[in-house]
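Note sheet for the following structure.
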Amino acid sequence: MLALATAALLPAHSQGLPTDGPLTVRPLLQQLGTRLLKGKTGSIVAIRPETGDIICLCTNSPTGTDTQLAIGKAYAPGSTFKTAQALTLLSEGLVSEETTVDCDGAFIDGNIRVGCHKHSSPLNLRQALAYSCNSWFLSTFMAMLNDDDVYANRNEAVTTWHDYMTSMGLGGPLGTDIEGEKGGLVANVNYLNRRYKNAWDARTILWAGMGQGDITVTPLQLCNLAVTIANRGFFYTPHIHAATQQRPLPERYRRKRQTRATPEAYATVVRGMRLAVEHGTCAAINTTYPICGKTGTVENPGRDHSAFIGFAPMNDPKIAIAVYIEHGGFGADLAAPIAALIIEDYLKGTLSTSSQSKARAIENQKTR
């Protein structure tokens, strides 16, 4: 039996969170998250999947805590987004779990060349998630946009893609009860026509298939994406205020929100995320309780951003998490190990001796 960290509510305080009543965040997670973000700019968001309770929301910036980094700053999601992409392709019947794509170290289409990690070839979908194969996701996204047997035209293909993504809580504010929430971007036809003056095609926007280009998210939305996968297809609007007798939880936070993706698609993506932790890009965080995860290394000016989404345990999820560290390098460098420590602290109630050493090392690691 996994021991959950104390459920004591965190009183209003000065960590940049609301101060108008008891909150759902857990003090131990807040303390650990604050330590792990020292010397870094970024966010940690963790949610209890079965309720939508925000159990950890930590941020840090050069000027101190800044909740907007978690709920109001839109970033490219990088390869964490490949989970949502896989759910869409599977649900539309465009690929199966065993669909393979050859990858010889790069995706190449005309003058476009996108490098990829070193891995075996070809990879099926579960393996493509585990080893974060850019070639697999760029090839299949382009195929979707060009599929004139399934879609009448490129507009219908993009609209279908857009509708799946927004059903997962991407592309706009989720409606959390923290002031100042903003949304990201999921490109639709009107946006693409305005930006590219009606001169766009699959090659113009294919970067979105790997979480770059015309797609941006907040860390809160990334965590909520992990929630939808943990729950196999639904979420509750994330909230940070705890229900009390005097202040019951509003109905909008108790209403289940269903995504468009199919149960079969979720089963495949969960297996791919588990494989990522067992043998793939985040194998360093594999442990006795089954974590499912997906790393993201986000290209931008300067050093890459480090991102991770995940949940645990695999078949009885108690926590879903997103970590986003600006200029933190590979997703496996900082975001994944930070997430693993938060997960352990929540599920076990404390950190092991070896994990305490890892926490000290991360606390002393600076990215700015």
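Miscellaneous remarks
- Approximate spin-label separation N146-E97, in nm, with each point projected 7 Å along Cα-to-Cβ: 2.9 nm
- Residues in the chain average 39 Å² of solvent-accessible surface per residue, probe 1.4 Å, ligands and nucleic acids excluded.
- Each Lys or Arg adds one and each Asp or Glu subtracts one; over the other residues with Cβ under 12 Å from the Cβ of L138, this totals +2.
- Relative intensity, log₁₀ I(q)/I(0), of the range 283-344 from a Debye sum that treats every alpha carbon as a point, q = 0.18, 0.27, 0.29 Å⁻¹: -0.55, -1.03, -1.14
- Distance from the range 266-323 to the range 123-194 (C-alpha centre basis), Å: 20 Å
- Between N153 and R195, the contour length at 0.36 nm per residue exceeds the Cα-Cα span by 13.2 nm.
- Residue-span extension gain [T288 to N364] - 0.36 nm each, minus C-alpha spacing: 24.7 nm
- Under-5 Å amide H pairs with N60, H placed in peptide plane, nonlocal only: G42, D66
- Peptides ranked, highest mean first, by Cβ atoms within 10 Å: ranges 63-72, 276-285: 276-285, 63-72
- Karplus-derived HN-Hα couplings along the range 264-272 (A = 6.51, B = -1.76, C = 1.60, θ = phi - 60°), whole Hz, x at Gly and Pro: 5, 5, 5, 4, 5, 5, 4, 4, x
- Kirkwood hydrodynamic radius of the range 31-174, Cα pairs, Å: 17.7 Å
- With a Förster radius of 25 Å applied to the C-beta separation of A242 and R35, the computed FRET efficiency comes to 0.55.
- A convex hull fitted to the Cα coordinates of the chain yields 135 cubic angstrom per residue.
- Based on Cα contacts under 8 Å between residues 6+ apart, the chain shows a relative contact order of 23 percent.
- Sites T63 and R252, calculated FRET efficiency, Cβ-Cβ separation with R0 41 Å, nearest 0.05: 0.80
- Carbon + sulfur, % of accessible area of the range 232-368 - ligands and nucleic acids excluded, 1.4 Å: 50 percent
The values are calculated or read from the model by the stated rules, or taken from the named source; none is laboratory data. As the structure is a computational prediction, the values presented were derived from the model and not from experiment. Neighbour counts are summed over all protein chains in view; Cβ atoms, including those assigned to glycine, are modelled from backbone coordinates with ideal geometry. Keep in mind that these areas ignore ligands, DNA and RNA; they rest on the heavy atoms of the full protein, side chains included. Shrake-Rupley method; radii C 1.70, N 1.55, O 1.52, S 1.80 Å.
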